[in-house]
Amino acid sequence: MIDTIKTTPYMDQKMGTAGLRKKSKVVLQPNYFENFIQSIFNVISPQGKTYVIGGDGRFYNDIAIQKLIKMAAANGVKKLIVGQNGYLSTPASSNMILKNHTDGGFVLTASHNPGGENGDFGIKFATSTGGQCSAQVSERIFNETQNISEYKIMNSADVDLSQIGSQKLLDMEIEVVDPIKDYVKLMEGIFDFPAIRKLFAEGFTMRFDAMNAVTGPYAIEIFENVLGAAKGSVLNSTPKPDFGGLHPDPNLVYAKELVDIMYSDDAPDFGAANDGDGDRNMILGKKFFVTPSDSLAILTDNYAYIPAYKNGIFGVAKSMATSTAVARVAARHNIGYYEVPTGWKYFVNLMDSRRITFCGEESFGTGSSHIREKDGIWAILFWLNIIASSKKSVEEITMEHWKKYGRSYYLRFDFDGIKTDVANDLMKNLENKLPSLTGKTYGEFKIKLAEVFTYHDPVDNSSTSNGMRILTEDGSRIVFRLSGTSSSGATLRVYLEKLEHEKLREDPVAMVEGLLKIAFEVAEIRERTGKQKADIIT
Ligand code: G1P
Ligand code: ZN
């Protein structure tokens, strides 16, 4: 039986950089989840269509996915393809949308944010491109959420998602699929698996930290079972609703267990981690960290080692805030190069129109046009393939890169939990100041340009402004933007980058100190936020 339930709107269901992301307690409010899903359905007319659904297994995943299934049936969806037990990584979901030519998909995740009752929950909605819906579509969905008065849902027992196979709910087909099999096939078709298998057979060692999140089972299958890494190479491999209390963000702060191993005297050759839903990655060598910005540049420079790319690549793109390291690689290889606003969705048009093959963000996201989301395991396999083919270590590969292209010392400073109006005023004030900054000198830095960053999409001709940037004569940069993924309050992000051609092994914090001073001064960070220093530096 289909029930039509009367409801009243919540006013805060605006999607940010990566879908809707809220505190779990907010999502648990009556009809909160249902309102949002019905608003999407009202915009996309799902009758007769097919969608992929799954989630990263966090708290509320199991309940939310049942609601989603019952609402899909009640709204006339023809078929759902569901990851077994309701699990799908974000990259596997994007692959499934593309492979099955579905009309889109839903991933229940708050990505790298903590899970559990006191953590976060989120919903990402993808279109048939395999990538998240455009800003225009999310605006239409937001408008629906403001006016919603009823939603439709099946009044029926929960669906069993533990067995692979097909079943029916009303007229809708539900196909429960193995979430891993197709993804492994996809990776096998891109990388030189025999070469990586040989590397492990010769004694190469790695640790992968799944952070108790969705990629554990994928990693065991790919790294241990298929490629032959030693048993136990995958840490924290069982997905847990609260991620075992971990903050599943693969960076030097939160992936502490892995970082301690990689900086110990008997460190393995290679270390890597993924985030909650498997789209982010961190790469480490023995006592050596590769920044995501450098990783994008290094992968791009070494594309010819990879079977799927060896005949050439289209261009490369980065988010504006990401360091300019990859720009120098693109120039040398004479390939297209694009800078987009923060948010993976901006890469999708560039991939669909074959302008780019690779793309990446400073926030531990790297990917290619094999899907339309960033892909943590893909990035790790790319590194393993380069190591296997070049017979060089992570550190040697990176050092050679810096010698060839110079090193962009790069750090991101986050100021968390600022009141939204204080953050907005700070940005507005800075924006008003920008014209007066160009041409000014601060210590060793002369400002060449200070501007609001505006992106003109070459495919759909839309324009998006996102953040501000200050460029100096020596190739350094200061970038300011507000986070679009905070689940409460505002986060100011300040990104600093200093280009060096000679001094290649210095402390990044010391190298960007002069730029940090300028950032504090021009944005009046202390005066406006009361913060003397950043809450987190990555
Ligand atoms: C952050 C990252 C951004 C990434 C997004 C989703 O967004 O900075 O690169 O695409 O998470 O993973 P932000 O909070 O900065 O808007
Ligand atoms: Zn993620």
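The values are calculated or read from the model by the stated rules, or taken from the named source; none is laboratory data. Fair warning: this is a prediction, and the values are worked out from it, not measured in the lab. Because the Cβ atoms are built from the backbone with ideal geometry, glycine has one as well, and the counts that use them run over all protein chains shown. These area figures cover heavy atoms from the full protein model, side chains too; ligands, DNA and RNA do not enter into them. Shrake-Rupley method; radii C 1.70, N 1.55, O 1.52, S 1.80 Å.
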For this session: Could you tell me which residue of the stretch 85-106 is nearest to Leu252 (Cα to Cα), considering only residues that are open to solvent by 10 Å² or more (accessible area, probe 1.4 Å) and in a strand (DSSP E or B)?
Result: Tyr87
Exercise. Among the helices (runs of 4 or more DSSP H) contained in the stretch 172-245, which hold 2 or more residues that are open to solvent by 30 Å² or more (accessible area, probe 1.4 Å) and not aliphatic (A, V, I, L, M)?
Worked result: 181-188, 193-201
For this session: Just one of (1) surrounded by fewer than 21 Cβ atoms within 10 Å (Cβ to Cβ); (2) more than 16 Å from ligand 1 (Cβ to nearest atom); (3) more than 20 Å from Thr127 (Cα to Cα) trips up Lys23, so point out which.
Result: (2)
For this session: Quick one: Ser390 ticks every box in (1) over 22 Å from Gly271 (Cβ atoms); (2) open to solvent by less than 80 Å² (accessible area, probe 1.4 Å) except a single one, so which number is it?
Result: (1)
Exercise. Could you list, in sequence order, the residues of the stretch 453-503 that are within 16 Å of ligand 2 (Cβ to nearest atom) and of a type outside the set (Gly, Ala, Ser)?
Worked result: Thr485
Problem set entry | Test: residue in the stretch 449-466 that is closer than 21 Å to Ile418 by Cα, open to solvent by 20 Å² or more (accessible area, probe 1.4 Å) and of a type outside the set (Asp, Glu) | yes
Exercise. Can you tell me which residues in the stretch 292-327 are open to solvent by 10 Å² or more (accessible area, probe 1.4 Å), assigned to a helix (DSSP H, G or I) and in contact with a helix residue (DSSP H, G or I) (Cβ under 8 Å, 6 or more places away or on another chain)?
Worked result: Asp301, Tyr303, Tyr305, Tyr309
Problem set entry | Single residue of the stretch 515-538 satisfying the filter (under 14 Å from Leu411 (Cβ atoms) and open to solvent by 30 Å² or more (accessible area, probe 1.4 Å)) that is nearest to the chain's Cα centre (by Cα) | Thr538
Seminar exercise, completed: When (1) farther than 19 Å from Asn281 by Cα; (2) open to solvent by less than 10 Å² (accessible area, probe 1.4 Å) are applied to Ser111, the one that fails is (1)
Problem set entry | Members of the stretch 114-147 found to be in a strand (DSSP E or B), surrounded by 23 or more Cβ atoms within 10 Å (Cβ to Cβ) and not basic (Lys, Arg), listed by number | Asp120, Phe121, Gly122, Ile123, Ala126, Gln132
For this session: Scan the stretch 345-368 residue by residue and report those that are within 16 Å of ligand 2 (Cβ to nearest atom), open to solvent by less than 10 Å² (accessible area, probe 1.4 Å) and aromatic (Phe, Trp, Tyr).
Result: Phe347
For this session: Output the residues belonging to the stretch 505-514 that are open to solvent by 70 Å² or more (accessible area, probe 1.4 Å) and part of a helix (DSSP H, G or I).
Result: Val509, Glu513
Problem set entry | Filtered residues of the stretch 328-343 (kept if open to solvent by 10 Å² or more (accessible area, probe 1.4 Å) and within 16 Å of ligand 2 (Cβ to nearest atom)) | Thr342
For this session: Could you grab the pairs with beta carbons closer than 7 Å, sequence gap of 6+ or different chains, first residue in the stretch 468-482 and closer than 15 Å to Phe415 by Cβ and in contact (Cβ under 8 Å) with a residue 12 or more places away in the chain, second one open to solvent by less than 10 Å² (accessible area, probe 1.4 Å) and part of a loop (DSSP other than H, G, I, E, B)?
Result: Val479/Met320; Val479/Ala321; Arg481/Ala321
Seminar exercise, completed: Of the residues in the stretch 36-54 that are touching a Phe, Trp or Tyr at 6+ places or on another chain (Cβ under 7 Å) and without any contact (Cβ under 8 Å) to a residue 60 or more places away in the chain, the one that is nearest to Asn118 (Cα to Cα) is Ile53
For this session: Could you tell me whether any residue of the stretch 124-143 is under 30 Å from Arg280 (Cβ atoms), within 16 Å of ligand 2 (Cβ to nearest atom) and among the aromatic types (Phe, Trp, Tyr)?
Result: yes
Exercise. Within the stretch 268-291, is even one residue at pLDDT 95 or above, away from ligand 1 (no atom under 16 Å from the Cβ), surrounded by 20 or more Cβ atoms within 10 Å (Cβ to Cβ) and assigned to a helix (DSSP H, G or I)?
Worked result: no
Exercise. Only one of (1) in contact with an Asp or Glu (Cβ under 7 Å, 6 or more places away or on another chain); (2) in a loop (DSSP other than H, G, I, E, B) is not met by Val452, so which one is it?
Worked result: (2)
For this session: Check Asp62, Asp56 and return the single one that is crowded, with 21+ Cβ neighbours inside 10 Å, among the acidic types (Asp, Glu) and either within 19 Å of the chain's Cα centre (by Cα) or within 15 Å of Asp160 (Cβ to Cβ) (or both).
Result: Asp56
